[in-house]
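The structure appears below as structure tokens.
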Amino acid sequence: MRINTKKVVVGMPPPIYQALKGLAEERKQTVSAYVRWLIWKHIEEKDVTVSVFQKGRQ
């Protein structure tokens with residue numbers, strides 16, 4: 001199953017990137033995976049309901 005996705009490009013100063021890289025390495029993740037995890041964590045903390053998977057045909 002393929003999930004429809006959108007891409008986001010984020011620019012940041014090198015010190016912030018290095019900090020994220022260090023945090024990602026602690027979790028054995030890439031920076032991209034870590035940023036996705038942070039976004040999901042934030043959405044969860046804000047108690048926002050997000051439907052990622054489309055409902056199948058009835």
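Its Cα centre serving as origin, the chain has a Cβ charge dipole (Lys and Arg +1, Asp and Glu -1) of approximately 400 debye.
Looking at the chain, the accessible area is 102 square angstrom per residue; that uses a 1.4 Å probe and ignores ligands, DNA and RNA. Think of it as helices only: each DSSP H run of n ≥ 4 in the chain is worth -39500 (n - 2.57), and spread over all residues that comes to -15500 deg cm²/dmol at 222 nm.
For the chain, the Stokes-Einstein estimate of translational diffusion at 20 °C and a viscosity of 1.002 mPa s comes to 157 µm²/s, using the Kirkwood hydrodynamic radius over alpha-carbon pairs. Angle between the Cα long axis of helix 31-45 and the longest principal axis of the chain, 0 to 90 degrees, nearest 10? The two axes meet at around 60 degrees.
Here the chain has 55 percent of its accessible surface on carbon and sulfur atoms, given a 1.4 Å probe and all protein chains in place.
Against the main long axis of the alpha-carbon atoms of the chain, helix 14-26 sits at an angle near 70°.
The values are calculated or read from the model by the stated rules, or taken from the named source; none is laboratory data. The shown structure was predicted, so the numbers you read here are calculated from the model rather than taken from an experiment. Note that we place each Cβ from the backbone using ideal geometry, even for glycine, and neighbour counts take in every protein chain shown. Surface areas here come from the heavy atoms of the whole protein model, side chains and all, with no ligands, DNA or RNA. Shrake-Rupley method; radii C 1.70, N 1.55, O 1.52, S 1.80 Å.
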